[in-house]
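S.K.: Okay, handing you the structure first.
The values are calculated or read from the model by the stated rules, or taken from the named source; none is laboratory data. None of the values given here were measured: they were computed from a predicted structure. We place every Cβ from the backbone using ideal geometry, glycine too, and count neighbours over all the protein chains shown. Accessible surface areas use protein heavy atoms only, side chains included; no ligands, DNA or RNA. Shrake-Rupley method; radii C 1.70, N 1.55, O 1.52, S 1.80 Å.
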Amino acid sequence: MDLSELERDNTGRCRLNSPVPSVCRKEPCVLGVDEAGRGPVLGPMVYAICYCPLSRLADLEALKVADSKTLSESERHRLFAKMEEDGDFVGWALDVLSPNLISTSMLGRVKYNLNSLSHDTATGLMQYALDQGVKVAQVFVDTVGPPETYQERLQQRFPGVEVTVKAKADALYPVVSAASICAKVARDQAVKNWKFVEKLQDLDTDYGSGYPNDPKTKAWLREHVDPVFGFPQFVRFSWRTAQSILEKEAEDVTWEDSQTGDQEGLRRIKSYFSEGPRARLPHRYFQERGLESATIL
């Protein structure tokens, strides 16, 4: 899977897709929607669709696709390669949402929660398939939130399509299983080849599963938090786990309208720029602007 566009700029979102099989523009198709990486505090979230003609659904099932969480990494890659080989009747598309995009959306002045972001991304991919000329007749979606509400919303948005939203749809419908494999393969590759724009000292890429309750992930977060600038953009800083570490490990800030008399925060911020026992590479904010510490004015 070619993720070079994401590797060039992993701060926003990017869309990848296979060529649309010509048969999918002629015959009624079934389409599945699923995601990978919704829960982790590290790395992107990937939404994917997979589709094929209803007349070839048995051929897709014959590949023995399954919920990606039940498959090993090698099995997922093997099945994705098989879907690529069957590109004459199987198509896919995916959206990769960076940790930075997720967190800035959730913590913006106008809140945009993860469920809404997930719903809109799935809807956008379904619309993309229709815009590409795919004759979508049926859609199966792995739910986010209450399935009844989600299904009603999608059915209103796509009145000419039969929509089914179910919990654990990736284990129930092969076309959703195929989408889950596409999403998981893309996320695994994105995490493995992540390009850190920050020049991190002694970068350790063994960050565990990436899930908030993983002790190795928590240790990695504590090790790579900058006391002023926070986390690398690989981290979803809107997650409670990341926020808790920031509160404990980062410097305090005293704003102009804070209570007077509490100067501890100011002292700690100033200490960030002073010489200390532990050498620290300048943050990229200073490097990009050619700024250096001045001891004499």
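S.K.: Over the Cα atoms, compute the radius of gyration (one decimal) and Dmax (the largest Cα-Cα distance, rounded to a whole number) for the chain, in Å.
M.R.: In order Rg, Dmax, the Cα atoms of the chain give 22.6, 77 Å.
S.K.: Cα atoms only: what Rg and Dmax, in Å, come out for segment 1-140?
M.R.: Radius of gyration, then largest Cα-Cα span, for segment 1-140: 15.7, 48 Å.
S.K.: Distance check, please: which entries in Lys82/Lys166; Lys216/Lys248; Lys69/Lys192; Lys69/Lys168; Lys69/Lys135 exceed 23 angstrom between their Cα atoms? Each step should come with its number before you reach the end.
M.R.: Numbers: Lys82/Lys166 26 Å; Lys216/Lys248 18 Å; Lys69/Lys192 17 Å; Lys69/Lys168 11 Å; Lys69/Lys135 29 Å.
Table pairs above 23 Å Cα-Cα are Lys82/Lys166; Lys69/Lys135.
S.K.: Over the heavy atoms of Lys168, what accessible area does a 1.4 Å probe trace out, to the nearest 10 Å²?
M.R.: 140 Å²
S.K.: Here is a further query. In the chain, with Lys and Arg counted as +1 and Asp and Glu as -1 at Cβ, which of these residues, Leu117, Ser4, Val161, has the Cα nearest the positive end of the dipole, that is, farthest along it?
M.R.: Value: Val161.
S.K.: Moving to a separate point now. Using only protein heavy atoms and a 1.4 Å probe, report how much of Val225 is accessible, in Å² to the nearest 10.
M.R.: Accessible surface of Val225 is approximately 20 Å².
S.K.: Just to make sure I understand: if all protein chains stay in place, what is the order of Glu249, Glu152 by accessible area at 1.4 Å, largest first?
M.R.: Working: Glu249 85, Glu152 110 Å².
From most accessible down to least: Glu152, Glu249.
S.K.: With r as the distance between the Cβ atoms of Ser22 and Gln156 and R0 = 25 Å, compute the FRET efficiency 1/(1 + (r/R0)^6) and round to 0.05. Let's see the in-between values first.
M.R.: Working: r = 31 Å, r/R0 = 1.22.
In this case the efficiency is close to 0.25.
S.K.: Quick check: the angle from helix 174-192's long axis to the longest principal axis of the chain, C-alpha only, nearest 10 degrees?
M.R.: It is inclined by approximately 30 degrees.
S.K.: Still on this structure, please answer the following. Can you give the accessible area of Cys52, probe radius 1.4 Å, in Å² rounded to 10?
M.R.: 0 Å²
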